[in-house]
Each structure stands twice: as structure tokens, then as C-alpha cells.
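Here the structure is laid out as C-alpha cells; the discussion comes afterwards.
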Amino acid sequence: MYEITRNVLAEVKKAIVGKDDVISKVWIALLAEGHVLLEDVPGVGKTTMALAFSRALGLDTKRIQFTPDTMPSDIIGFSMPGKDGMVYQPGAIMTNLLLADEINRTSSKTQSALLEAMEEGQVTVDGVSHPIPQPFIVFATQNPTGAAGTQLLPDSQMDRFTVRLSIGYPEPADECSMVLARQGVNPVSYTHLRAHETRSNL
């Protein structure tokens, strides 16, 4: 376990420099099978951190960019007529790690579509429950409360997150290091570990 932790953190730190405390807290939350909420201003690496963890862990990942017109069916899926009756069409939530980007830019109704999944590991569409692949993690980012175009998360959904963290701006030296590390290659693009070494420990 120590070896896996060391490798995962090392991979994520290739993409996010100078935020070791935040990275460690996110890793602890993931080991506890919890969900993570990163709240901060745009441009500090919230999405990059989520993608770095997903690649390092080798998890199947889907990303949904929350906008005012995002519907609950975009997340949990929907039913449509088929030869043998109604057929379930999976939504973005059918994955191991769901990156819910700028979650508070969409309506409360759409935000609440995540509640059952985050608590019970399943979604219910037209009265039929569908299990979500395990492990299942929601890694959400949101703009600061009160920012233009945002909707407050309902208390019931805030309660589903194990940690609520802020990354903050990097120090000038760390920012320079990240810029130099991206000359010709994006560290997130090659951040990966063998999935079978990590999934069993989540």
C-alpha cells in the first residue's frame, strides 16, 4: 500500500506542483471511497488535478461540463423505446470516476441527480435501478460561491462530499516549474499506473 501511495502521489505531482497538502487530502478521501469537491477560482488546476488522479489510478473516467442547460438525463441516462420495451441508455455517470466540472453552474434539479448515485452507488430511471461500476468517485469542481452564473449546491448534496478543498494560486517558482514541464508535452497525458495495482485499494 505504501508503494502504491508513493507512486500515485508522484504521478499527480508531475501535473500539480507545490500543492502537496491538497493532493494528500484528496488521496485520503479517495482511499476512503469518498467524493471530492474542489472550490476555487478558475485557472488554478482543479480540473487538471482530477484528471491527474484518474490517469494515475487507471480508472475509467468521464467528464461532464455543467452548464445552465445540462439536464438530469445527461448524467443518469434515460429510457427509450426498443424491440423489447423501454431500453436504458446510460448517462455519463456510468463510470468509475465522474469529473463534474463547474458543478454549480447548472440548476439545483440537475445537481440533485447525483444524490442517489453518490450515496447508494446506483441510479433509478423510470422506476428501474441500475448499478454504477465500482469503485465510483465523483470528483467535482466549482467556482466560488457567489460568482456570476452559479447555483448553490443543496445541503443534501454538500453532505455527500467527503472533503471540500481549495487549491489556491501556486507560488511563482512552482508556476514556472509547471510551465517549463509543459514544453512540448502535457504531464497529464502520460500520467498513468497499472489499473489492477490501484483499483483493489480504493
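Checked against the criteria, Gly85 does not count as on the phi > 0 side of the Ramachandran plot and either open to solvent by 40 Å² or more (accessible area, probe 1.4 Å) or of a type in the set (A, V, I, L, M, F, W, C) (or both). Restricting the search to the stretch 138-165, which residues are open to solvent by 50 Å² or more (accessible area, probe 1.4 Å) and either among the acidic types (Asp, Glu) or more than 12 Å from Met118 (Cβ to Cβ) (or both)? Residues satisfying the conditions are Thr145, Gly146, Ala148, Gly149, Gln151, Leu152, Asp155, Asp159, Arg164.
Could you say whether any residue in the stretch 39-54 is within 18 Å of the chain's Cα centre (by Cα), of a type in the set (Phe, Trp, Tyr) and not in a loop (DSSP other than H, G, I, E, B)? Yes, that holds for at least one residue.
Among the residues making up the stretch 117-132, those that are surrounded by 13 or more Cβ atoms within 10 Å (Cβ to Cβ) and in contact (Cβ under 8 Å) with a residue 24 or more places away in the chain are Ala117, Met118, Glu119, Val123, Val125, His130, Ile132. Name the residues in the stretch 46-74 that are β-branched (Val, Ile, Thr) and in contact (Cβ under 8 Å) with a residue 40 or more places away in the chain, would you? Thr47, Thr48, Thr70 - these are the residues of the stretch 46-74 that are β-branched (Val, Ile, Thr) and in contact (Cβ under 8 Å) with a residue 40 or more places away in the chain.
Pick from the stretch 93-114 the residues that are among the hydroxyl-bearing types (Ser, Thr, Tyr) and part of a helix (DSSP H, G or I): which of them is farthest from His130 (Cα to Cα)?
Ser108
Number of residues in the stretch 55-77 that are in contact with an Asp or Glu (Cβ under 8 Å, 6 or more places away or on another chain), assigned to a strand (DSSP E or B) and open to solvent by 40 Å² or more (accessible area, probe 1.4 Å) equals 2.
The single condition among (1) open to solvent by 60 Å² or more (accessible area, probe 1.4 Å); (2) modelled with pLDDT under 90 that Ser108 does not meet is (1).
Determine whether Thr141 is β-branched (Val, Ile, Thr), at pLDDT below 95 and outside any strand (DSSP E or B). Before the answer, list the steps.
Working: β-branched (Val, Ile, Thr): yes; at pLDDT below 95: yes; outside any strand (DSSP E or B): no.
Here the answer is no, as Thr141 does not meet what is asked.
Of all residues in the stretch 1-18, which are out of contact with any Phe, Trp or Tyr (no Cβ under 9 Å at 6 or more places or on another chain), part of a helix (DSSP H, G or I) and open to solvent by 40 Å² or more (accessible area, probe 1.4 Å)? Hits for the stretch 1-18 are Tyr2, Glu3, Arg6, Asn7, Ala10, Lys13.
For the stretch 19-46, enumerate the residues that are open to solvent by less than 30 Å² (accessible area, probe 1.4 Å) and either out of contact with any Pro (no Cβ under 9 Å at 6 or more places or on another chain) or at pLDDT 90 or above (or both). Residues satisfying the conditions are Val22, Ile23, Val26, Trp27, Ala29, Leu30, Gly34, His35, Val36, Leu37, Leu38, Lys46. Taking the conditions exactly as written (modelled with pLDDT under 90 and surrounded by fewer than 16 Cβ atoms within 10 Å (Cβ to Cβ)), does Pro172 satisfy them or not? Judged against the criteria, Pro172 is a match.
Can you find even one residue in the stretch 115-136 that is in a loop (DSSP other than H, G, I, E, B), aliphatic (A, V, I, L, M) and either within 21 Å of Lys62 (Cβ to Cβ) or out of contact with any strand residue (DSSP E or B) (no Cβ under 6 Å at 6 or more places or on another chain) (or both)? Walk me through how you get there before you give the answer.
Taking the stretch 115-136 first, the residues in a loop (DSSP other than H, G, I, E, B) are 121, 126-127, 132-136.
Narrowing further to those that are aliphatic (A, V, I, L, M): 132.
Then keep just the ones that are either within 21 Å of Lys62 (Cβ to Cβ) or out of contact with any strand residue (DSSP E or B) (no Cβ under 6 Å at 6 or more places or on another chain) (or both); that gives 132.
The answer is yes; a qualifying residue exists.
The values are calculated or read from the model by the stated rules, or taken from the named source; none is laboratory data. A quick note: this is a predicted structure, and the numbers were derived from the prediction, not measured. Cβ atoms come from the backbone with ideal geometry, glycine included; neighbour counts cover every protein chain shown. Keep in mind that these areas ignore ligands, DNA and RNA; they rest on the heavy atoms of the full protein, side chains included. Shrake-Rupley method; radii C 1.70, N 1.55, O 1.52, S 1.80 Å.
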